[in-house]
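Data block below; observations after.
The values are calculated or read from the model by the stated rules, or taken from the named source; none is laboratory data. Predicted, not measured: the structure shown is a model, and the values here were computed from it. Neighbour counts run over all protein chains shown; Cβ positions are idealised from the backbone, glycine included.
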């Protein structure tokens with residue numbers, strides 16, 4: 001039976017009016033994964049994206065599966081506090097193994113606290129409503145770029161202790177920020193989160209065998225007034241700055257996790273089709 005209370009880390013913003021009749025990327029990606037009920041402009045943009053990047057449906061599913069997998073791995077490493085930045089649009093998964101951050105962590109740890117963050121009104125409202133009966137999780141409407149203000153918010157302080165490490169997710173978030181914004185966000189997270197904290201990222205990629213469709217995707221977004229900044233693995237690593245990138249480094253998202261004990265994924269049969277995004281986990285050293 002489909003779950004209806006799930007939130008995934010997508011973090012899509014762009015230069016759109018949040019509640020107007022223009023497409024919003026979090027809804028577009030939900031539509032690409034089988035979601036329904038979104039405004040016509042979302043569907044129109046999705047169709048245009050598929051015409052230049054047919055792999056996008058599989059990429060969205062692979063991304064969601066990665067979120068579940070990496071959260072389980074982090075919980076297995078001892079993390080019990082999660083900060084999901086740019087949580088995006090609640091979705092109904094079509095596979096039982098796809099869980100949102102809080103539920104994924106609770107498959108490993110009994111007591112987990114999670115805060116979902118998004119500044120897109122409809123996404124926040126849906127997330128907040130879905131978490132009404134879960135005392136261990138909260139959704140806040142806030143700008144993830146203002147880390148200090150975010151961490152000082154009452155719902156955040158009520159669930160996350162800055163005396164213990166926090167696992168922050170920036171999945172599908174940095175590519176919607178320019179270099180200055182992305183570097184500021186990553187640096188401020190390093191400055192404000194406790195020692196031992198983790199930062200998990202996924203990021204749209206350049207320099208891959210799918211380069212032409214990635215650039216066409218970027219142009220399609222631009223035509224709708226949405227800034228999309230895919231980056232090379234080296235650029236992504238540079239943005240992580242003082243964070244210590246963990247093995248296996250910055251690797252294709254669908255391939256991250258091979259060899260990770262009980263949470264290792266099976267290598268996808270068509271893994272070469274999923275190289276338009278990268279993933280990494282980095283730590284703040286003590």
Going by the structure shown, is residue 108 at negative phi and either modelled with pLDDT of 95 or more or in contact with a strand residue (DSSP E or B) (Cβ under 8 Å, 6 or more places away or on another chain) (or both)? no
Scope the range 237-247; condition under 19 Å from residue 167 (Cβ atoms) and either under 19 Å from the mean Cα position of the chain (by Cα) or modelled with pLDDT of 90 or more (or both); matching residues: 239, 240, 241, 242, 243, 244, 245, 246
Please count how many residues of the range 72-98 are crowded, with 24+ Cβ neighbours inside 10 Å and modelled with pLDDT under 85. 5
Out of everything in the range 172-215 that is outside any loop (DSSP other than H, G, I, E, B), closer than 23 Å to residue 64 by Cα and over 18 Å from the mean Cα position of the chain (by Cα), what residue ends up being modelled with the lowest pLDDT? 211
From 215, 174, 183, which residue is buried (at least 22 other Cβ atoms within 10 Å of the Cβ) and under 28 Å from residue 59 (Cβ atoms)? 174
Checking residue 225 against (1) touching a residue at least 60 places away in the same chain (Cβ under 8 Å); (2) crowded, with 21+ Cβ neighbours inside 10 Å, which test does it fail? (2)
Exactly one of 157, 242 is in contact with a helix residue (DSSP H, G or I) (Cβ under 6 Å, 6 or more places away or on another chain) and surrounded by fewer than 14 Cβ atoms within 10 Å (Cβ to Cβ), and that residue is 242
Among 201, 166, the single one that is farther than 13 Å from residue 281 by Cβ and crowded, with 24+ Cβ neighbours inside 10 Å is 166
Take residue 143 and tell me if it is under 30 Å from residue 44 (Cβ atoms), surrounded by fewer than 20 Cβ atoms within 10 Å (Cβ to Cβ) and touching a residue at least 60 places away in the same chain (Cβ under 8 Å). no
Report whether or not residue 164 is at pLDDT below 95 and part of a loop (DSSP other than H, G, I, E, B). no
Could you please find all residues in the range 111-122 being part of a loop (DSSP other than H, G, I, E, B) and modelled with pLDDT of 90 or more? 111, 112
Which numbered condition trips up residue 151, out of (1) surrounded by fewer than 22 Cβ atoms within 10 Å (Cβ to Cβ); (2) within 18 Å of the chain's Cα centre (by Cα); (3) without any contact (Cβ under 8 Å) to a residue 60 or more places away in the chain; (4) within 18 Å of residue 85 (Cα to Cα)? (2)
